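Undergrad: Take a look at the following structure, please.
The values are calculated or read from the model by the stated rules, or taken from the named source; none is laboratory data. Since the structure is predicted, the reported quantities are computational estimates derived from the model, not experimental observations. Here the Cβ positions follow ideal geometry from the backbone for every residue, glycine too, while neighbour counts run over all protein chains shown. Heavy atoms of the whole protein, side chains included, go into the accessibility calculation; ligands, DNA and RNA do not. Shrake-Rupley method; radii C 1.70, N 1.55, O 1.52, S 1.80 Å.
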Amino acid sequence: MKSVYHFLLITFIFISSPAVYADKSYQMSKVQIKAQLQADGSMEVSEYRTYNFEDDFRYAYRTFPKSEKVSFSDFDITENNRNYLLSDTEKPGTFWIKEKKSYTEVRWFFRAENEKRTFTIRYTVNDAVVRFRDAAVLHFQFIGEEWNKSSWNVSLELIPPDSLSRQEVK
(Lines give C-alpha, C1' and ligand atoms only; values in the text may rest on other atoms or scores of the structure.)
Protein backbone atom coordinates (compact mmCIF):
# COMPACT_ATOMS: atom_id res chain seq x y z
CA MET A 1 0.00 0.00 0.00
CA LYS A 2 2.86 2.32 0.86
CA SER A 3 4.42 1.91 -2.63
CA VAL A 4 1.06 2.72 -4.30
CA TYR A 5 0.85 5.87 -2.18
CA HIS A 6 4.39 6.92 -3.19
CA PHE A 7 3.63 6.21 -6.86
CA LEU A 8 0.50 8.38 -6.73
CA LEU A 9 2.34 11.15 -4.90
CA ILE A 10 5.24 11.13 -7.38
CA THR A 11 2.80 11.04 -10.30
CA PHE A 12 0.87 14.00 -8.86
CA ILE A 13 4.04 16.03 -8.31
CA PHE A 14 5.28 15.26 -11.83
CA ILE A 15 1.95 16.12 -13.49
CA SER A 16 1.50 19.35 -11.53
CA SER A 17 5.08 20.47 -12.10
CA PRO A 18 5.35 23.74 -14.07
CA ALA A 19 7.99 22.16 -16.33
CA VAL A 20 5.37 19.77 -17.68
CA TYR A 21 3.14 22.68 -18.70
CA ALA A 22 5.57 24.70 -20.78
CA ASP A 23 4.29 28.18 -21.51
CA LYS A 24 2.65 28.75 -24.84
CA SER A 25 4.53 31.35 -26.78
CA TYR A 26 4.48 33.28 -30.00
CA GLN A 27 6.58 35.85 -31.77
CA MET A 28 5.68 38.44 -34.37
CA SER A 29 8.49 37.78 -36.81
CA LYS A 30 7.36 40.25 -39.46
CA VAL A 31 5.08 43.29 -39.51
CA GLN A 32 4.36 45.16 -42.73
CA ILE A 33 2.13 48.23 -42.54
CA LYS A 34 0.68 50.03 -45.52
CA ALA A 35 -1.15 53.29 -44.76
CA GLN A 36 -3.01 55.23 -47.45
CA LEU A 37 -3.79 58.82 -46.48
CA GLN A 38 -7.11 60.10 -47.82
CA ALA A 39 -8.00 63.64 -48.93
CA ASP A 40 -10.59 63.87 -46.11
CA GLY A 41 -7.87 63.39 -43.44
CA SER A 42 -8.61 59.74 -42.74
CA MET A 43 -6.14 56.90 -43.27
CA GLU A 44 -6.80 53.37 -44.53
CA VAL A 45 -4.37 50.95 -42.90
CA SER A 46 -3.46 47.36 -43.75
CA GLU A 47 -1.24 45.51 -41.28
CA TYR A 48 0.30 42.20 -42.33
CA ARG A 49 1.37 40.48 -39.12
CA THR A 50 3.26 37.17 -39.20
CA TYR A 51 2.95 35.16 -36.00
CA ASN A 52 5.19 32.21 -35.13
CA PHE A 53 3.09 30.05 -32.80
CA GLU A 54 4.66 27.55 -30.43
CA ASP A 55 1.98 25.26 -29.04
CA ASP A 56 -1.78 25.45 -29.61
CA PHE A 57 -3.45 28.84 -30.24
CA ARG A 58 -7.11 29.67 -30.86
CA TYR A 59 -7.14 33.47 -31.26
CA ALA A 60 -5.11 36.65 -31.61
CA TYR A 61 -6.14 40.22 -30.97
CA ARG A 62 -5.25 43.83 -31.60
CA THR A 63 -6.28 46.79 -29.46
CA PHE A 64 -6.93 50.35 -30.61
CA PRO A 65 -6.72 53.11 -27.99
CA LYS A 66 -9.68 55.44 -27.65
CA SER A 67 -8.85 59.10 -28.05
CA GLU A 68 -10.54 62.45 -28.51
CA LYS A 69 -8.41 63.05 -31.61
CA VAL A 70 -8.94 59.91 -33.72
CA SER A 71 -11.39 57.05 -33.99
CA PHE A 72 -11.21 53.66 -35.72
CA SER A 73 -13.72 51.98 -38.01
CA ASP A 74 -14.16 49.54 -40.91
CA PHE A 75 -12.31 46.64 -39.29
CA ASP A 76 -11.59 43.60 -41.43
CA ILE A 77 -9.48 40.47 -40.94
CA THR A 78 -8.16 38.21 -43.70
CA GLU A 79 -5.71 35.34 -44.02
CA ASN A 80 -4.47 34.05 -47.38
CA ASN A 81 -7.15 36.13 -49.16
CA ARG A 82 -9.86 34.49 -47.03
CA ASN A 83 -12.16 36.92 -45.20
CA TYR A 84 -12.95 36.28 -41.57
CA LEU A 85 -16.64 36.83 -40.77
CA LEU A 86 -17.81 39.29 -38.12
CA SER A 87 -19.49 37.08 -35.50
CA ASP A 88 -19.64 36.50 -31.74
CA THR A 89 -19.46 32.71 -32.17
CA GLU A 90 -15.67 32.51 -31.67
CA LYS A 91 -15.52 29.83 -34.37
CA PRO A 92 -12.37 29.62 -36.51
CA GLY A 93 -12.64 32.07 -39.38
CA THR A 94 -14.59 34.68 -37.39
CA PHE A 95 -13.74 37.87 -35.53
CA TRP A 96 -15.46 40.19 -33.09
CA ILE A 97 -15.12 43.81 -32.04
CA LYS A 98 -15.59 44.78 -28.37
CA GLU A 99 -15.70 48.31 -27.04
CA LYS A 100 -13.86 48.67 -23.74
CA LYS A 101 -13.52 51.77 -21.58
CA SER A 102 -10.17 52.96 -22.95
CA TYR A 103 -9.77 50.89 -26.13
CA THR A 104 -11.47 48.87 -28.84
CA GLU A 105 -10.42 45.22 -29.09
CA VAL A 106 -10.56 43.25 -32.32
CA ARG A 107 -10.13 39.51 -31.75
CA TRP A 108 -10.00 36.87 -34.50
CA PHE A 109 -10.34 33.12 -34.11
CA PHE A 110 -8.46 30.24 -35.76
CA ARG A 111 -6.65 27.02 -34.92
CA ALA A 112 -2.86 27.00 -35.05
CA GLU A 113 -0.27 24.67 -33.59
CA ASN A 114 3.49 25.07 -33.94
CA GLU A 115 3.24 27.01 -37.17
CA LYS A 116 3.70 30.38 -38.83
CA ARG A 117 0.57 32.34 -39.89
CA THR A 118 0.15 35.76 -41.49
CA PHE A 119 -3.01 37.75 -40.80
CA THR A 120 -4.06 41.01 -42.44
CA ILE A 121 -5.81 43.52 -40.19
CA ARG A 122 -7.47 46.37 -42.07
CA TYR A 123 -9.06 49.44 -40.54
CA THR A 124 -9.68 53.14 -41.04
CA VAL A 125 -8.23 55.82 -38.78
CA ASN A 126 -10.67 58.73 -38.86
CA ASP A 127 -9.24 62.24 -38.43
CA ALA A 128 -5.68 60.94 -38.63
CA VAL A 129 -4.43 64.11 -40.31
CA VAL A 130 -4.86 67.57 -38.78
CA ARG A 131 -5.06 70.25 -41.46
CA PHE A 132 -3.78 73.77 -41.17
CA ARG A 133 -3.92 76.53 -43.78
CA ASP A 134 -0.41 75.84 -45.02
CA ALA A 135 0.27 72.28 -43.84
CA ALA A 136 -1.17 69.00 -42.68
CA VAL A 137 0.21 66.96 -39.79
CA LEU A 138 -0.03 63.23 -39.10
CA HIS A 139 0.57 62.16 -35.49
CA PHE A 140 0.01 58.42 -35.28
CA GLN A 141 1.93 55.65 -33.52
CA PHE A 142 1.83 52.60 -35.79
CA ILE A 143 3.56 50.27 -33.33
CA GLY A 144 2.08 51.13 -29.94
CA GLU A 145 2.80 50.15 -26.37
CA GLU A 146 -0.14 47.74 -26.15
CA TRP A 147 2.03 44.82 -27.27
CA ASN A 148 3.83 42.85 -24.59
CA LYS A 149 5.83 41.10 -27.33
CA SER A 150 8.45 42.62 -29.57
CA SER A 151 7.72 43.01 -33.26
CA TRP A 152 10.56 42.09 -35.60
CA ASN A 153 11.26 43.09 -39.17
CA VAL A 154 8.86 46.06 -39.18
CA SER A 155 8.25 48.10 -42.32
CA LEU A 156 5.91 51.00 -43.00
CA GLU A 157 4.75 52.38 -46.33
CA LEU A 158 2.94 55.72 -46.00
CA ILE A 159 1.15 56.78 -49.18
CA PRO A 160 -0.09 60.38 -49.66
CA PRO A 161 -3.60 61.10 -50.92
CA ASP A 162 -4.16 60.34 -54.61
CA SER A 163 -5.20 63.94 -55.21
CA LEU A 164 -1.70 65.28 -54.41
CA SER A 165 1.07 65.47 -56.94
CA ARG A 166 4.61 64.55 -55.95
CA GLN A 167 5.62 68.24 -55.96
CA GLU A 168 2.84 69.13 -53.48
CA VAL A 169 4.10 66.72 -50.80
CA LYS A 170 6.64 68.31 -48.47
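Undergrad: Determine the pairs where a residue that is farther than 11 Å from Y48 by Cβ, located within the range 108-129, has a partner that is outside any strand (DSSP E or B) and aromatic (F, W, Y) with Cβ atoms under 6 Å apart, the partner being 6 or more residues away or on another chain.
TA: Short answer, once both residue conditions are applied: W108/Y84; A128/F140.
Undergrad: Next up: Sort out which residues of the range 108-135 are open to solvent by 50 Å² or more (accessible area, probe 1.4 Å), modelled with pLDDT under 95 and in a strand (DSSP E or B), and write them in order of number.
TA: V130, R131
Undergrad: Pick from L86, L138: which is free of Cβ contacts under 8 Å to residues at least 60 places away in the same chain, surrounded by fewer than 16 Cβ atoms within 10 Å (Cβ to Cβ) and not β-branched (V, I, T)?
TA: On the way: L138 fails: free of Cβ contacts under 8 Å to residues at least 60 places away in the same chain.
Only one candidate passes the filter, namely L86.
Undergrad: Which ones in the range 27-47 are surrounded by fewer than 16 Cβ atoms within 10 Å (Cβ to Cβ) and part of a strand (DSSP E or B)?
TA: Q27, S29
Undergrad: Turning to a different aspect of this structure: So which of K91, K98 ends up being surrounded by fewer than 13 Cβ atoms within 10 Å (Cβ to Cβ) and not in a strand (DSSP E or B)? It would help to see each step written out before you state the result.
TA: On the way: K98 fails: not in a strand (DSSP E or B).
On inspection, the qualifying residue turns out to be K91.
Undergrad: Looking at the range 70-87, which of the residues that are part of a strand (DSSP E or B) and within 16 Å of T50 (Cα to Cα) is nearest to the chain's Cα centre (by Cα)?
TA: Our first condition is that a residue be part of a strand (DSSP E or B); within the range 70-87, this holds for 71-79, 82-83, 85-86.
Within this subset, residues satisfying the condition of being within 16 Å of T50 (Cα to Cα) are 77-79, 82.
On the way: I77: 10, T78: 12, E79: 13, R82: 17 Å.
My answer is I77.
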